[in-house]
Each structure stands twice: as C-alpha cells, then as structure tokens.
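Just below is one structure, and these are the notes that go with it.
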Amino acid sequence: MPYAPIIGTLGYVLDAKTDSVLMVHRTARTNDDHLGKFNGLGGKLEDNEDVAGGMIRELYEEAEIVVTAMSLRGTVNWPGFGPNLEDWLGFIFLITGWEGTPPPSNPEGELHWIPRRRVLNDPSLPTLPMWEGDRSFLPLVFDDDPRPFHGVMPYHQGRPSSWSYCRL
C-alpha cells in the first residue's frame, strides 16, 4: 500500500531581540489531541497549496502575522501519531522575520512568547508541557547548521518509540 501521510507544517517564530519563541498553549478545545501542551504554530496543508504557502497561511490565521523571512529547518515523519494512529509528514520552519502583533489567543488556545532556553528544555527552568518527541528535534530547529534535517519518529501507544535523522 502506498504511503499517504497527512502533510502539515509546524513553525517556530523566533523573536531575536528577546530570544523567545511564539508558542500556542492548546487549552481551548477539550477534544484536542494536543490539550494542555505547548506547540509551535501550523497545521494541515490545503488542496493546491505549496508547503511554504501553507506555513505562511497558518501563521496569519493563527497569529495574525505576515511572514517576511523563514527557512525550512527540516522534515519529520511521524508514523502512528495521535489517538487515530495517523501517519503525518511535517515540514518544520524557523520564522525569523514577520510583521504584525500576535493576539493574546486564537481558537486553539493562548499565545505566549516563551524563552528559547525553556523551549529547548534548559534544566534550570521549569519544564514546558509539550509532546515528548518535540524535545528530540527542537534543538535542530534552532542550531547553526544550515543543512535541513530529515527525521522519522514512529509513535507507539501515544509515545515516540524511536528517533533518527540525517543531514546531508
């Protein structure tokens, strides 16, 4: 059977002046698979939409910002993710330029500027509730290596069972 994942985008908006990252605290919908977790912004790709265009659209819809600079940092394949055990293929972006001011919340929850050190799980700061697997690839989003990473993180019973990636 051909592999047919759900294709999505996930973006991390970096404010270089404060060294903080825009995150959504998913608290608005009780039936949300991400309930209670902090996450980057993004979502499913729409018909007739390229990946970069989908990321730009999602950031405008979720944070009312217009992207002026972003880079593709990598891709992650998540087989068996979530309660429906769906396969996802995510394109991960770092957004370093934008115009506009994010509102305090969106339909998924509250928007917060989180210190990058906390997003990267600095042990001297309180742990941020997020998907366990995000801690594996987030350092690659913010590192200085210009090469994109390409990883796979299978999920089993709601948790990542492994993580591997390459950069070429």
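The values are calculated or read from the model by the stated rules, or taken from the named source; none is laboratory data. The shown structure was predicted, so the numbers you read here are calculated from the model rather than taken from an experiment. Neighbour counts are summed over all protein chains in view; Cβ atoms, including those assigned to glycine, are modelled from backbone coordinates with ideal geometry. Quick note on the areas: whole protein, heavy atoms, side chains included, nothing else; ligands and nucleic acids left out. Shrake-Rupley method; radii C 1.70, N 1.55, O 1.52, S 1.80 Å.
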>> Among Leu140, Leu125, Leu89, which one shows the highest mean-square fluctuation when the chain is modelled as a Gaussian network with alpha-carbon springs under 10 Å?
In response: Leu125
> Is the shape of the chain best called rounded, prolate or oblate, per the rule: a/c under 1.5 gives rounded, else a/b larger than b/c gives prolate, else oblate, with a ≥ b ≥ c the square roots of the Cα gyration tensor eigenvalues?
Replying inline: rounded
> Of the heavy-atom accessible surface of the stretch 13-150 (probe 1.4 angstrom), what whole percent is carbon and sulfur?
Replying inline: 52 percent
>> Need the C-alpha centroid separation for the stretch 77-147 versus the stretch 1-73, integer Å.
In response: 9 Å
> Please identify the GluC sites (Glu not before Pro) of the stretch 11-86 that satisfy two criteria: DSSP loop assignment and at most 11 other Cβ atoms within 10 Å. Which are they?
Replying inline: Glu46
> Taking the Cβ-Cβ separation of Met1 and Arg29 as r and a Förster radius of 35 Å, what is the calculated FRET efficiency to the nearest 0.05?
Replying inline: 0.65
>> Give me the extension gain from Lys17 to Asp145: residue separation times 0.36 nm, minus the current Cα-Cα distance, reported in nm with one decimal.
In response: 44.0 nm
> Using r as the Cβ-Cβ distance of Ser105 and Asp50, and R0 as 30 Å, what FRET efficiency do you calculate, to the nearest 0.05?
Replying inline: 0.60
> Antiparallel as a % of all DSSP beta bridges within the chain, to the nearest 5?
Replying inline: 75 percent
